[in-house]
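Undergrad: Next up is a structure, given as structure tokens.
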Amino acid sequence: MLRAAIVVVLVALLVAGWAGASLYLPYQKFPSQGVYVDVPHGASRRTIARLLADQGVVRSRWVFEGLCRWRSRRTLEAGEYFFDHPVTGREVFETIASGRVYVRELVIPEGLSMFDIADLVEREDFTSRANFLAAARNPALVHDLVPGAPSLEGFLFPAVYEFPRHPTGEQMVAAMVAHFRQEWTAISAEQQNLSGLPLEQVVTLASLVERETPKAEERPLVAGVFINRLQHHVPLQCDPTVVYALELAGHYGGSLDAATLPFDSPYNTYRHTGLPPGPIANPGSASLRAALDPPETDYLYFVANTEGGHFFGKTLAEHNHNVALYRRRLAEQRNAVRANTSTTPRPDAVSSPPSRLR
């Protein structure tokens, strides 16, 4: 009897030691680059324990399942988890019970169109361009805000997002529209709509402002110029609207020229007065605020100044003077580049301004 008792105690100690090692000693039986474990929705504790053991994340499926049952008040959350170093069984449990799923950061800059964002998410390997565009072209998420919206363009708010490795296009646009709603609620609570425009036209105007100037201090002035031109029934003559019209038709080749500028589209503000029928990009907070409350100004014109900003003019004569100044500056920059090219093997490039002459 004594011998049997000793054997039982030794076995119990061994089992306890094994269980303790499984819970308290770091374990890694997966490749050094790490392993992804996808916990399905509705998976049982036993299924999750088996997945983790099969992937080499935990030492014993039985011990891990026992831990889950002992800690039964906490639910293991579905999602994809990434393990890239040895961890204990308790740490694995805490990671999954806390829902610390693997996410990647995606930065959406201000002023991108849905086509630009689609290119970005495909390039960053989140989802395909086609999958994202299919979701972005469905306006259902903003039907309550803008019943006639042709797509989600303008409502895919530029921000930093965290997504799983391979989200669907629907998941991505839902997060972006939710962020727009949050920002718009805050902006409209702080600022009166002195433009008098309905929401869709505010967002449309903001998208034009966003595409015209990268300078925050210029955005209110640009919005004011566009408002003045609208009130005078003068075509806005905004190049980015032509680019967007070409993108919608699948004809944009990367640049505008004399042949493409007259492209027939309701979005082309050279051919049609007034705002285009919808946003042409996704504006940030500063442009939305500028469109919501544009300052009173006498300016009717603006043209690039070769320094990332613009010259503003009140009259056509003043505008023509600014155009001549722009051309002179541009010629000086090009001459400087040619001079540098002849004397140095790798000259710095001079970028062309982002907007055409008006």
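Undergrad: What is the angle, in °, between the Cα long axis of helix 45-54 and the longest principal axis of the Cα atoms in the chain? Nearest 10 is fine, range 0 to 90.
TA: 80 degrees
Undergrad: Once you sort the root eigenvalues of the Cα gyration tensor of the stretch 37-123 as a ≥ b ≥ c, which label holds: rounded (a/c under 1.5), prolate (a/b larger than b/c) or oblate (the other case)? Intermediate values should be presented prior to the final figure.
TA: Details: a/c = 3.05, a/b = 2.65, b/c = 1.15.
Because a/c hits 1.5 or more and a/b exceeds b/c, the stretch 37-123 counts as prolate.
Undergrad: So how strong a dipole does the stretch 261-328 carry about its Cα centre when Lys and Arg Cβ are +1 and Asp and Glu Cβ are -1, to the nearest 20 debye?
TA: 200 debye
Undergrad: DSSP loop (so not H, G, I, E, B), at most 15 other Cβ within 10 Å: list which GluC sites (Glu not before Pro) in the stretch 193-236 pass both filters.
TA: Here no GluC sites (Glu not before Pro) fit, given the DSSP loop and packing criteria.
Undergrad: Please arrange THR168, THR127 by accessible surface area, largest first, computed with a 1.4 Å probe and ligands excluded.
TA: THR168, THR127
Undergrad: Can you bin the stretch 171-280 into rounded, prolate or oblate? Criterion: square roots of the alpha carbon gyration tensor eigenvalues sorted a ≥ b ≥ c, rounded for a/c under 1.5, prolate for a/b above b/c, oblate for the rest. All intermediate terms of the calculation are to be shown ahead of the outcome.
TA: Numbers: a/c = 2.05, a/b = 1.33, b/c = 1.53.
Here the stretch 171-280 falls in the oblate category.
Undergrad: Let me ask another. Please calculate the 1.4 Å probe accessible area of ARG338, with all protein chains present, and give it to the nearest 10 Å².
TA: 150 Å²
Undergrad: What is the angle, in °, between the Cα long axis of helix 61-70 and the longest principal axis of the Cα atoms in the chain? Nearest 10 is fine, range 0 to 90.
TA: 80 degrees
Undergrad: How would the stretch 219-344 be classified by its alpha-carbon gyration tensor: rounded, prolate or oblate, with rounded meaning a/c under 1.5 and the a/b versus b/c comparison settling the rest?
TA: Note, shape of the stretch 219-344 comes out oblate.
Undergrad: Further question: Percent relative contact order of the chain, based on C-alpha pairs within less than 8 angstrom and at least six residues apart?
TA: 13 percent
Undergrad: Given a 1.4 angstrom probe, what's the average accessible area per residue across the chain, in square angstrom?
TA: Numbers: 18630 Å² over 358 residues.
Spelled out: the 1.4 Å probe surface of the chain, per residue, equals 52 Å².
Undergrad: Of LEU141, LEU330, GLY79, which is farthest on the positive side of the dipole of the chain, counting Cα position, with +1 on Lys and Arg Cβ, -1 on Asp and Glu Cβ, and the Cα centre as origin?
TA: The residue sitting farthest along the positive end of the dipole is GLY79.
Undergrad: For the chain, with only Lys/Arg (+1) and Asp/Glu (-1) charged at the beta-carbon, what is the dipole magnitude about the Cα centre, in debye rounded to 20?
TA: So the magnitude is around 1360 debye.
Undergrad: How big is the Rg/Rh ratio for the chain, C-alpha atoms only, Rh by Kirkwood, two decimals?
TA: Answer for the chain: 1.19.
Undergrad: Here's something else I'd like to know. Considering only protein heavy atoms and a probe of 1.4 Å, how much of the accessible area of the chain is carbon and sulfur, as a whole percent?
TA: Numbers: 9970 of 18630 Å².
The C+S portion of the solvent-accessible surface of the chain is 54 percent.
Undergrad: May I ask for the angle, rounded to the nearest 10°, between helix 2-24 and the longest principal axis of the chain, with both axes built from Cα atoms and the value confined to 0 to 90°?
TA: For 2-24 against the chain, the angle is about 10 degrees.
The values are calculated or read from the model by the stated rules, or taken from the named source; none is laboratory data. Just so it is clear, the structure is predicted and the values come from calculations on it, not from any experiment. For neighbour counting, all protein chains shown are included, and Cβ atoms are generated from backbone atoms with ideal geometry for every residue, glycine included. Protein only, heavy atoms only, side chains kept; ligands, DNA and RNA dropped before computing areas. Shrake-Rupley method; radii C 1.70, N 1.55, O 1.52, S 1.80 Å.
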